[in-house]
Amino acid sequence: MQELVRGNAVIGQSGGPTAVINQSLVGVVEGLRSGLHAAGLVKRVLGMRHGVRGLTKGEFHDLTDMHQDRLDRLANTPSAGLGSTRDKPDEAYCERILEACKKHDIRYYFYIGGNDSSDSCRIVREKAKAANYDLRCFHVPKTVDNDLKENDHTPGFPSAAKFVAMACMADFMDNISLPGIKINVVMGRHAGFLTAASALARRHDREFNPLDGTESTDGPQLIYLPEVPFETDRFIADVEAWYTKKGRCHIVVSEGIQDKDGVPIGAKLIKGAQVDSHGNVQLSGSGALGDQLGDLLKEKLTPAGGKPPRIRADTFGYVQRCWPDASPIDQMEARRCGQFAAQLALAGHHDGSVAIVRQGSGSEAWLGKDNGQPYISTYRRVELSDVAAKTRHMPPEFIAGHNNVSRKFVEYCLPLVGPLPGFERL
């Protein structure tokens, strides 16, 4: 830690917007106001317009004196209030960021985003040190994919998981009303946490019946994660078995499913697919993966001379990220992450990333047990290099076989999502 320095503070938002990213923005502002600004160390609190792109252009929104009522409304507004960016700064880009910080007397730099955002924080901090410019750089976690190292979970994930769970609840009820085969494609190129959250659509009190040893047949019956190699023939056999047994099948697939060699299934099935600026086949903005899997099932499951099964596919896409019904836990933790980042700056730290630590599981209460721990979380500082450009995957204990998630994952996820509706069945 070092002596505190006087200057301005800047805050940016990066990557995909979420239902709670503005909570983190407001948390940083509140933390600065009660700390560095109150002590006269920060003169102005500036918001980058569209992340580092706006910073390098000198495009800011002055947050210094914004009224608390307006901040509170902003905190409860989904999407990135300042505007976001997909830019992934390289060394030259980070040089421009540093020059912009010097030009505007910025001494405290806060960036809300995923692992690429933490990496840009790291590079900017290293360049500032090399240039002997005292710039304090802090990363505030955010990603619906839940794939940041060092975190129990990340802001944005619980709210997106809540959407996936409730969407799959409704979709399963639709599926048992008009039986057929239904495929839902969920975000998650490399990590399956969000896809796994579809398991919360099942009645968690009926996941396993100790009286007769049978498992619930609630949908989704089949869940495919990018952590488990996807085999086309095995997928067809899985669906056929459920369809033969129930006359219907409810399936959730991660957009990032891949074969044993790490080749994305989307890249194999989708002919002439669009690619993004990094050469990746575009998955979230397209319904092609679901359609191709549906076509494959029609081809393989249609009896000779018979009619193909009724198959439909939906891609949840961007709607998962900013649905305006956030998890209460997510709202609270996202704001506190921002406040904690400002506290790190006030304590004299020169850089760091905020990590959420779970201290009380909370799962026992959700599962109807009276003697369980309440859900409790705290926050800690971790090194930027421990998070930067790294990806966390679903741990093996959260995965059951090749097409399901474990009870342990359900217990991990339920307290984060919050109360879910219960439906009657005839």
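The values are calculated or read from the model by the stated rules, or taken from the named source; none is laboratory data. Owing to the predicted nature of the structure, the values given are computational and were not obtained by experimental measurement. Using ideal geometry, Cβ is built from the backbone for each residue, glycine included, and neighbour counts are taken over all protein chains shown.
Which of the numbered conditions does R189 fail, given that it passes all the others? Conditions: (1) at pLDDT 90 or above; (2) touching a Gly at 6+ places or on another chain (Cβ under 9 Å); (3) not in a strand (DSSP E or B).
With respect to (1) at pLDDT 90 or above; (2) touching a Gly at 6+ places or on another chain (Cβ under 9 Å); (3) not in a strand (DSSP E or B), R189 is out only on (1).
Among R248, R203, which is the only one that is in contact with a Gly (Cβ under 7 Å, 6 or more places away or on another chain) and either over 17 Å from M187 (Cα atoms) or modelled with pLDDT of 95 or more (or both)? Explain how you work it out, then say what you get.
Numbers: R203 fails: in contact with a Gly (Cβ under 7 Å, 6 or more places away or on another chain).
Being in contact with a Gly (Cβ under 7 Å, 6 or more places away or on another chain) and either over 17 Å from M187 (Cα atoms) or modelled with pLDDT of 95 or more (or both) holds for just one of R248, R203, which is R248.
Output the residues belonging to segment 300-336 that are within 23 Å of I176 (Cα to Cα) and without any contact (Cβ under 8 Å) to a residue 24 or more places away in the chain. Spell out how you get there, then give the answer.
The initial filter retains those residues of segment 300-336 that are within 23 Å of I176 (Cα to Cα), namely 300-303, 306-316.
The answer is T302, P303, G306, K307, P308.
Of everything in segment 172-203, what is within 24 Å of A241 (Cβ to Cβ), of a type outside the set (G, A, S) and surrounded by fewer than 20 Cβ atoms within 10 Å (Cβ to Cβ)? Give them in sequence order.
Matches in segment 172-203: M173, D174, I176, L178, P179, R203.
Checking V10 against (1) within 21 Å of R336 (Cα to Cα); (2) assigned to a loop (DSSP other than H, G, I, E, B), only one condition comes out false. Which one?
(2)
Please determine whether any residue of segment 277-289 is modelled with pLDDT of 90 or more and touching a Lys or Arg at 6+ places or on another chain (Cβ under 9 Å).
Step one: of segment 277-289, the residues modelled with pLDDT of 90 or more are 289.
Then drop every residue that is not touching a Lys or Arg at 6+ places or on another chain (Cβ under 9 Å), which leaves none.
Scanning segment 277-289, I find no residue that is modelled with pLDDT of 90 or more and touching a Lys or Arg at 6+ places or on another chain (Cβ under 9 Å), so the answer is no.
Just one of the numbered conditions (1) touching a residue at least 40 places away in the same chain (Cβ under 8 Å); (2) out of contact with any Gly (no Cβ under 9 Å at 6 or more places or on another chain) is not true of A131; which one?
With (1) touching a residue at least 40 places away in the same chain (Cβ under 8 Å); (2) out of contact with any Gly (no Cβ under 9 Å at 6 or more places or on another chain) applied to A131, the lone miss is (1).
Residue under question is D65, and the condition is that it be assigned by TED's automatic domain parsing to the domain that holds L36, under 22 Å from G15 (Cβ atoms) and of a type in the set (D, E); does it hold? Even if it seems obvious, please write down each step before you answer.
On the way: assigned by TED's automatic domain parsing to the domain that holds L36: yes; under 22 Å from G15 (Cβ atoms): no; of a type in the set (D, E): yes.
The answer is no for D65.
Answer with yes or no whether L25 is more than 27 Å from A131 (Cα to Cα) and either in a helix (DSSP H, G or I) or among the hydrophobic types (A, V, I, L, M, F, W, C) (or both). Give the steps one after another, and end with the answer.
Details: more than 27 Å from A131 (Cα to Cα): yes; either in a helix (DSSP H, G or I) or among the hydrophobic types (A, V, I, L, M, F, W, C) (or both): yes.
Answer is yes for this residue.
What number of residues within segment 225-267 satisfy the criterion of being crowded, with 24+ Cβ neighbours inside 10 Å and in a strand (DSSP E or B)?
Of the residues in that region, 6 qualify.
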